Amino acid sequence: SGQRAHTHEMLARSERLLRDIVDHSTAVIFLKDLDGRYLLINRHYERLFGVSNAEWSGRTDHELFSAEVAEVLRANDRRVVEIGTSQHIEEVVPTLGRDRIYLSVKFPLRDRDGTIYGVCGMATDITEQKDLEAALRRSEATLASIIESSTHPICAINRDWQLVAMNTACARFIPALIGSLPDMHRALGVIPEEFAAQWRGLIERGMAGERFTVERTLPIGGEKREFLVAFNPTVQDDVVTGVAIFGREITELRRAEEEARQHQAELAHVLRLHTMGEMAASLAHEVNQPLGAIANYAQGARNRLNAGTVAPAELLHTVEAIAREALRA
């Protein structure tokens, strides 16, 4: 009798300990029999669905959820019983004003003989995690769409020198530079030495955390084309994980700039010629006046000398005028 009382006391203590553990868990915990009737629910389950363990004992999911949700939950329980091992199952349950996603670990309950008599479930709310994953997928899809739609070559290399991202524009340029298109997520293979010597140092600068832009002339399609190439380190948790490389062709821009410089030089030349022409015309006008005066004075003196009607002293004024105009010229 004493041994039996001790056994009952140990059993009661064990049940209280189990109940304390179950009730203080942040997971939803429940036990069901093979007919889907609840044997036990913990306090977290009670708070979520507004029921108590006492009133919910012996009831089924059909009395709490819609027929559609209840049938899915019941089917998952049956699968655990049929397989006979624990299963990780994502289940959608309406609670807290919206459908929430739970990761349920369900396993069969067995008696001493190993016979399955029910199912235990421990469900963790992963709604926020799923929302974040969905938001991340949308963000990644948006970013991928933006990168892919760009007409400029874009690629990314990780610290293991693996090509981890590349848009179509870049895929068109790389074979023209190194002869082939490297495999994604594999270390870059054999690269022409000339190309490696030109770019390896730049990529290493990006790996070191430097953000910079260079201008390079690249042989594409049998002609030299100008590119601005930006190197941007990718950082995660303050650690550089690789380099994103953005290219922009500026061949036409540089050609337009050169043509503009040539036009500017031609315009400057024309302006210089025009200025010299104006100066020459002004000088000619200034010089023509004294020269014309000299010619007129000389012509008058000659006419008077030919007529023989003038004394030499009378020509002194004319000779002085000629000298004065000559000095002016």
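Values computed for the structure shown
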| quantity | calculated |
| --- | --- |
| Per-region count, segment 117-153, residues open to solvent by 50 Å² or more (accessible area, probe 1.4 Å) and either part of a strand (DSSP E or B) or of a type in the set (Gly, Ala, Ser) (or both) | 9 |
| Pair list, Cβ under 8 Å, 6 or more apart: segment 258-283 residue outside any helix (DSSP H, G or I), other residue open to solvent by 100 Å² or more (accessible area, probe 1.4 Å) and modelled with pLDDT of 85 or more | none |
| Filtered residue count, segment 89-108, keeping only those that are out of contact with any strand residue (DSSP E or B) (no Cβ under 7 Å at 6 or more places or on another chain) and surrounded by 15 or more Cβ atoms within 10 Å (Cβ to Cβ) | 1 |
| Every residue from segment 217-254 that is assigned to a loop (DSSP other than H, G, I, E, B) and open to solvent by less than 70 Å² (accessible area, probe 1.4 Å) | Ile250 |
| Ala326 among the small types (Gly, Ala, Ser) and surrounded by fewer than 11 Cβ atoms within 10 Å (Cβ to Cβ) | no |
| Flag for Val214 being assigned to a strand (DSSP E or B), closer than 23 Å to Cys170 by Cα and open to solvent by 70 Å² or more (accessible area, probe 1.4 Å) | no |
| Answer from Thr95, Thr60, Thr85 - the residue that is hydroxyl-bearing (Ser, Thr, Tyr) and modelled with pLDDT under 90 | Thr95 |
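The values are calculated or read from the model by the stated rules, or taken from the named source; none is laboratory data. Given the structure is predicted, the values throughout are model-derived calculations rather than measurements. Counting neighbours? That spans all protein chains shown, and the Cβs are built from the backbone with ideal geometry, glycine included. Heavy atoms of the whole protein, side chains included, go into the accessibility calculation; ligands, DNA and RNA do not. Shrake-Rupley method; radii C 1.70, N 1.55, O 1.52, S 1.80 Å.
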